[in-house]
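Written below as structure tokens is the structure these notes are about.
The values are calculated or read from the model by the stated rules, or taken from the named source; none is laboratory data. In this text the structure is predicted, and so the values were computed from the model without any measurement. Note that each Cβ is placed from the backbone with ideal geometry, even for glycine, and that neighbours are counted across all protein chains shown.
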Amino acid sequence: MYTQSITRNRRTAFVLAIDFSGSMNERIRFDRRTTTKAEAVATVANRLLFELTERARRSDGIRDYYDIALVGYAGGGTLPLLGERGFHSIAEVAARGAEPPAAKAEYRLPDGSAALLDEVAVPRWVEPHAEGETPMYEALLEVRDLVAEWTSRPENAASFPPVVFNITDGEASDCDDAELREVCSRIRSLRTDDGNVLLINIHIASGTEEKALLFPTADEAAYGNRYASLLYDCSSQMPAAFDAAIRELRGGTPPYRGMSYNASVQELVAVLNIGSISVKTE
């Protein structure tokens, strides 16, 4: 389980669900400057998409190793962040990016083995947005439908299962705890022959003094915070294939749960990197 390498005939999928509610206007420090959470998360999402395009780049062009879906949620519902709802091949994603001036960004070689820091032009696919409440339940219902359709395709039956990242700075405004657990369980129950869908919930810091939880172990499940415990229940147990990278990040003894609570933006980057780079691409 969770051993299938990624090829053009055995692609995988990544889904980013991003909270763009009004609280994302809160100002934080990121990249040695003060910015909003919405701007920081958009920047991190764009860097991840850029990294995935570079990992898929070969001498003959960008190979369709990944399908990508982005779902924003804010105000009264969900936002299609790539222009159209649904999955897009990584080659389609690469063609859609708007080129900005060159800026420093960390990215990895195509095999995901080495980090580089260089002056690169990171395209902008995701623009910052902050408005209204947090319709997370509606967004996760949309994610469930997208992933259910993807996993039902015969050509994806043997693929590494999709990885879903849900990035938020607060609680859902359109459901209770039981409903959130239920929709997350339905997402995690979807599968390919190589394993169940991985759901990684990432709560970014909201200015509290509480310590961050990153990929908590079973011993840390009783953290003492109701929302942290809820996210723990809603998230996937990480497969053994991810253990070495997670142990290097935070130590501890597996199994680890695919979540973070009160994470900084830098810790958000680390969680996204582990959740995406640990998937082996040939």
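Looking at the stretch 257-268, can you tell me whether even one residue there is β-branched (V, I, T), surrounded by fewer than 18 Cβ atoms within 10 Å (Cβ to Cβ) and modelled with pLDDT under 95?
The first filter runs over the stretch 257-268 and keeps only residues β-branched (V, I, T), leaving 265.
Now narrow it down to the ones that are surrounded by fewer than 18 Cβ atoms within 10 Å (Cβ to Cβ): none.
No, the conditions are met nowhere in the stretch 257-268.
Restricting to the stretch 234-282, give me the number of residues that are touching a residue at least 60 places away in the same chain (Cβ under 8 Å), among the aliphatic types (A, V, I, L, M) and in a strand (DSSP E or B).
1
Identify the single condition in (1) surrounded by 15 or more Cβ atoms within 10 Å (Cβ to Cβ); (2) under 17 Å from the mean Cα position of the chain (by Cα); (3) closer than 18 Å to P123 by Cα that F87 does not satisfy, given that it satisfies every other one.
Only one criterion is unmet by F87, namely (3).
Scan the stretch 135-154 and tell me whether some residue there is among the charged types (D, E, K, R), under 27 Å from N262 (Cα atoms), at pLDDT 95 or above and in contact with an Asp or Glu (Cβ under 8 Å, 6 or more places away or on another chain).
Within the stretch 135-154, the first condition is being among the charged types (D, E, K, R), and the residues that meet it are 138, 142, 144-145, 149, 153.
Next, from what is left, pick out any that are under 27 Å from N262 (Cα atoms): 138, 142, 144.
If we keep only those that are at pLDDT 95 or above too, we end up with 138, 142, 144.
When the remaining residues are screened for being in contact with an Asp or Glu (Cβ under 8 Å, 6 or more places away or on another chain), the result is 138.
Checked against the condition, which is being among the charged types (D, E, K, R), under 27 Å from N262 (Cα atoms), at pLDDT 95 or above and in contact with an Asp or Glu (Cβ under 8 Å, 6 or more places away or on another chain), the stretch 135-154 yields at least one hit.
If I ask for residues that are farther than 20 Å from G86 by Cα and surrounded by 21 or more Cβ atoms within 10 Å (Cβ to Cβ), which ones from the stretch 4-27 would you list?
S21, M24
Is one or more of the residues making up the stretch 91-107 within 29 Å of E171 (Cβ to Cβ), surrounded by 13 or more Cβ atoms within 10 Å (Cβ to Cβ), of a type outside the set (F, W, Y) and at pLDDT 90 or above? It would help to see each step written out before you state the result.
Residues of the stretch 91-107 that are within 29 Å of E171 (Cβ to Cβ), as a first pass: none.
Scanning the stretch 91-107 turns up no residue that is within 29 Å of E171 (Cβ to Cβ), surrounded by 13 or more Cβ atoms within 10 Å (Cβ to Cβ), of a type outside the set (F, W, Y) and at pLDDT 90 or above.
Can you list the strands (runs of 3 or more DSSP E) lying wholly within the stretch 11-69 that have 1 or more residues being closer than 18 Å to G275 by Cβ and at pLDDT 95 or above? Lay out the reasoning, then the answer.
Working: elements: 12-19, 27-30, 33-36.
Output list reads 12-19.
When you scan the stretch 23-35, do you find a residue that is out of contact with any Asp or Glu (no Cβ under 9 Å at 6 or more places or on another chain) and within 30 Å of T192 (Cα to Cα), even just one?
Taking every residue of the stretch 23-35 in turn, none turns out to be out of contact with any Asp or Glu (no Cβ under 9 Å at 6 or more places or on another chain) and within 30 Å of T192 (Cα to Cα).
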